[in-house]
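A short worksheet on the structure shown next.
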Amino acid sequence: MFATLLAAVLAPTPASATGTALTTTGTSAAISTAGAVSTSVAATDDVFVSEAEPTKNFGTATWMSVCGSACGGTAAGQRVALVRFTVAGIPAGAAGVTVTLAVTSARTTDTTIAVRPVTGAWTETGTTWNTRPAMGEVIDSHSGFTAGGTATLDVSSVVKGNGTYAFALTGTSATTTVLHSSRAGEALTPTLKISYTEGTAGPLPFTMPTTAQLRASAQKVFAHYFTPYPVSLDNKAPADDYYTRNYLNPDGESGKHSAYGGLLRDRPLGRDPLTGDWALADFTTEVRQAIAAGLDGFTVDILSLTGTHWTRVQKLIQAAEAVDPAFKIVLMPDMNGLASADSAALADAVATLAASKSVYRLGDNRLVVAPFKAEGRTAAWWADWMTTMETEHGIKVALVPCFLDFNKYRDAFSSISYGFANWGGRSPAANSGLTANIDRAHDMGKIWMQPVSVQDERPNQGIYDEAANTENLRATWKGAIDGEADWVQLVTWNDYSENTQFAPSRNAGWTYLDISAYYLTCYKLGCPAITKDVAYLTHRVHPVAATPSYGETKLMKLRTGSTQPRDTVEVLTMLTAAAQVSVDVGGTGQTYDAPAGVYAKTFALRPGSASASVSRNSTNVATVVSPFAITATPYVQDLHYRAASSGRP
């Protein structure tokens, strides 16, 4: 692949103000240059539906009609147009993105139409008024149409990046607005007009490769999706939603979690209540977040075959299919949750999910199934299950078991497995020598899916790992890169009960995904040139040994074999050139010289605030201020590392 990368990434960074230069060698991928870009995307599907003819499909019409309920002088004459687009090629770091929907009028009318996002499923050749999809709120409107003229509607608030987007055009007038459909000819087809600036204006310290460039790599990066913790549990504002009332509150759920100070210490980024199918909209948001971070897909934890978690698995797959079918969902039956599941029932469930084009298959059409804690069932059980999948459902399976103990079970599973994965550790000490497992898998002729992790703190289990700020994150990426792992699994996207989440969250924003995006690019394409100065700040909100004032009876203890606890603030810089960094922790300031490239330095944790600023030639080029105060007297034990970025102030 390329020479050993990130050679010094595992060097210790103790509490005394010491730093580590994180050098890289090998390919340098300067993917693209800054500049304004304008492009357009033609509709992939378009059709209109008519309330007056509720069972008729107009998928062959060269026009689309839009009008209100009194259209044609009838009380039930409403007509709605539907258009769909697939957007690709926008870099994740693109700035100033504007998107307009352009339609060409077939008639001159003094009418108004509105554009709304479509949240339900539909097809060009099958949808009728009776089967029309659900729609969201009005995004924009346009009044006055001239035959042959172009009308534009701003949809920038919805189109945030690459993916598939569908819109409905609605009206209130009794007069029909008639628009050309894609079947009227290429020059008249509905289009999205997109403009943006690529380069260094975004939050990342490098130009993010396009989705197409990243997906061209044979190496894949997935994130483990845990269905208990979606963006929202009850569609309420974050100040009073279920997360706040019951999971973050030590007395939540009638005191169920009081012994350990509440179930969670972090939560997904909040949002205002939504209309329509808000759960599907949230999954759509998460798929788009993952695509923006460069991920190829999710490994979805299948905890049950019925009920809430099963429904969430189905909606996640539906969201991926709607946003971008090339974003893949790897099915991961959880053999803790499915410990008593019947083999035939599991086969039926997996076959049902496998019907989606978003569910991951290999080039030879084998379905990838990667069971978590695969050793929960014997290799013989899995062999029989794979036979059932083929004989009963016509589906050949490429099994990639994810073990808790790879070396104990690898030989037993070798003959039935396409590849192997391990759940892995969450501390630098546990993640030394990662290439050994990769080499063993490759020697056995198997692919390897390497776990990459940030941290792990579990209040309800009373245990934690010492991640040493971002050292564990950097160490696990180093193992994947140096060992030439075939796939990577970020563990996890959103398991907030174990505090392993990469997903944008209250405590870290996008910081861990942003840092990971750099190493993901190194892994897939070679390390990119750093084109923008960015500083990342990580720290806990109290010393490890601090005693909480809330009456917890079950405090977290260090996992055996983990890195020793440390109370540090880390400044991780990615700089275009050498610069001076000034750090303030609890009113104590220190200054040091940071080299170009990636460099980490730690400082003793002190009560108060934490910040860092980067200057070059007496000019400030980056500032990061942590929004999280550090205290010596916490309310509850909270060992989750907070994170902040100068790129996303």
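The values are calculated or read from the model by the stated rules, or taken from the named source; none is laboratory data. Values in this document were obtained by computation on a predicted structure and should not be read as measured data. Positions of Cβ are generated from backbone atoms using ideal geometry, with glycine treated the same way; all protein chains shown enter the neighbour counts.
Could you pull out the residue among THR207, THR189 that is more than 28 Å from GLY77 (Cβ to Cβ) and either modelled with pLDDT under 90 or polar (S, T, N, Q) (or both)?
Checking each option against the conditions leaves just THR207.
If you scan the range 383-415, which residues turn out to be under 17 Å from ARG366 (Cβ atoms), buried (at least 16 other Cβ atoms within 10 Å of the Cβ) and without any contact (Cβ under 8 Å) to a residue 40 or more places away in the chain?
Passing the criteria: MET386, VAL397, ALA398, LEU399, PRO401, PHE413.
Which of the residues belonging to the range 592-649 are among the β-branched types (Val, Ile, Thr) and in contact with a His (Cβ under 7 Å, 6 or more places away or on another chain)?
ILE630, THR631
How about the range 93-134: which of its residues are more than 28 Å from SER195 (Cβ to Cβ) and of a type in the set (Ser, Thr, Tyr)?
THR108, THR109, THR123, THR125, THR127, THR128, THR131
Quick check on my filter: what residues within the range 357-398 are in a loop (DSSP other than H, G, I, E, B) and touching a helix residue (DSSP H, G or I) at 6+ places or on another chain (Cβ under 7 Å)?
Within the range 357-398, LYS357, SER358, ILE395, LYS396 meet the criteria.
Select, from THR74, THR108, THR86, the only residue that is closer than 21 Å to PRO209 by Cβ and surrounded by fewer than 21 Cβ atoms within 10 Å (Cβ to Cβ).
The conditions single out THR86.
Could you list, in sequence order, the residues of the range 506-557 that are in a strand (DSSP E or B), over 25 Å from GLY483 (Cβ atoms) and of a type in the set (A, V, I, L, M, F, W, C)?
VAL534, ALA535, LEU537
Does ALA612 satisfy being crowded, with 24+ Cβ neighbours inside 10 Å and either outside the structural domain of LEU473 (by TED's automatic domain parsing) or in a loop (DSSP other than H, G, I, E, B) (or both)?
Yes; evaluated as a whole, the condition is true for this residue.
Pick from the range 79-116 the residues that are out of contact with any Phe, Trp or Tyr (no Cβ under 6 Å at 6 or more places or on another chain) and without any contact (Cβ under 8 Å) to a residue 60 or more places away in the chain: which of them is farthest from THR44 (Cα to Cα)?
THR108
When only residues in the range 330-356 that are of a type in the set (D, E, K, R) and not in a helix (DSSP H, G or I) count, which is nearest to the chain's Cα centre (by Cα)?
Looking at the filtered set, the residue picked out is ASP334.
Among the residues of the range 464-509, which ones are farther than 13 Å from HIS640 by Cβ, surrounded by fewer than 24 Cβ atoms within 10 Å (Cβ to Cβ) and either at pLDDT below 95 or within 15 Å of the chain's Cα centre (by Cα) (or both)?
Result: PRO504, GLY509.
If you go through the range 577-609, how many residues are touching an Asp or Glu at 6+ places or on another chain (Cβ under 9 Å), in a strand (DSSP E or B) and polar (S, T, N, Q)?
Number satisfying all stated conditions: 3.
Please work out which one of (1) surrounded by fewer than 24 Cβ atoms within 10 Å (Cβ to Cβ); (2) touching a Pro at 6+ places or on another chain (Cβ under 9 Å) is the condition ALA421 fails and give its number.
(1)
Tell me the residue from PHE206, PHE167 that is over 17 Å from VAL87 (Cβ atoms) and touching a residue at least 12 places away in the same chain (Cβ under 8 Å), please.
PHE206
Of the residues that make up the range 76-89, is at least one more than 23 Å from THR127 (Cα to Cα), within 37 Å of the chain's Cα centre (by Cα) and part of a loop (DSSP other than H, G, I, E, B)?
Checked the range 76-89: at least one residue is more than 23 Å from THR127 (Cα to Cα), within 37 Å of the chain's Cα centre (by Cα) and part of a loop (DSSP other than H, G, I, E, B).
Tell me which of these LEU295 doesn't satisfy, since it passes every other one: (1) part of a loop (DSSP other than H, G, I, E, B); (2) over 19 Å from the mean Cα position of the chain (by Cα).
(2)
Restricting the first residue to the range 279-294 and requiring it to be touching a residue at least 24 places away in the same chain (Cβ under 8 Å), which pairs with a second residue that is among the acidic types (Asp, Glu) meet a Cβ separation below 6 Å and a spacing of at least six or different chains?
Sorted first by the residue in the range 279-294, then by its partner, the list stays empty.
Hey, does the range 48-57 have a residue that's of a type in the set (Asp, Glu), in the same structural domain as SER181 (by TED's automatic domain parsing), over 35 Å from the mean Cα position of the chain (by Cα) and modelled with pLDDT of 55 or more?
yes
Picking from ASP533, ASP567, ASP514, which residue would you name as being within 22 Å of ASP296 (Cα to Cα), surrounded by 16 or more Cβ atoms within 10 Å (Cβ to Cβ) and of a type in the set (D, E, K, R)?
From the options ASP533, ASP567, ASP514, the qualifying one is ASP514.
For the range 197-243, what are the residues that are of a type in the set (S, T, N, Q) and either in a strand (DSSP E or B) or surrounded by 18 or more Cβ atoms within 10 Å (Cβ to Cβ) (or both)?
THR197, THR200, THR207, THR210, THR211, GLN213, GLN219, THR227, SER232
Under 7 Å between Cβ atoms, at least 6 apart or on separate chains: pull out the pairs that start in the range 587-607 with a residue that is aliphatic (A, V, I, L, M) and end on any residue that is at pLDDT below 95.
As it stands, the answer is VAL598/LEU22; ALA600/THR13; ALA600/GLY19; ALA600/THR20; ALA600/LEU22; ALA604/ALA15, since those pairs meet every condition given.
Which of the following residues is assigned by TED's automatic domain parsing to the domain that holds ALA319, of a type outside the set (Lys, Arg) and either over 26 Å from LEU269 (Cα atoms) or modelled with pLDDT of 95 or more (or both): ALA151, ALA174, ALA223, ALA168?
On inspection, the qualifying residue turns out to be ALA223.
Hey, among THR175, THR170, which residue is farther than 22 Å from PHE502 by Cα and outside any loop (DSSP other than H, G, I, E, B)?
THR170
Considering only the range 425-445, I want to know if a residue exists there that is closer than 27 Å to THR378 by Cα, touching a Lys or Arg at 6+ places or on another chain (Cβ under 9 Å), charged (D, E, K, R) and surrounded by 18 or more Cβ atoms within 10 Å (Cβ to Cβ).
Yes.
Are there any pairs with C-beta distances below 6 angstrom linking a residue in the range 322-347 that is closer than 30 Å to THR44 by Cβ to a residue that is among the aliphatic types (A, V, I, L, M) and part of a loop (DSSP other than H, G, I, E, B), with the two at least 6 apart or on different chains, and if so which?
VAL330/ALA370
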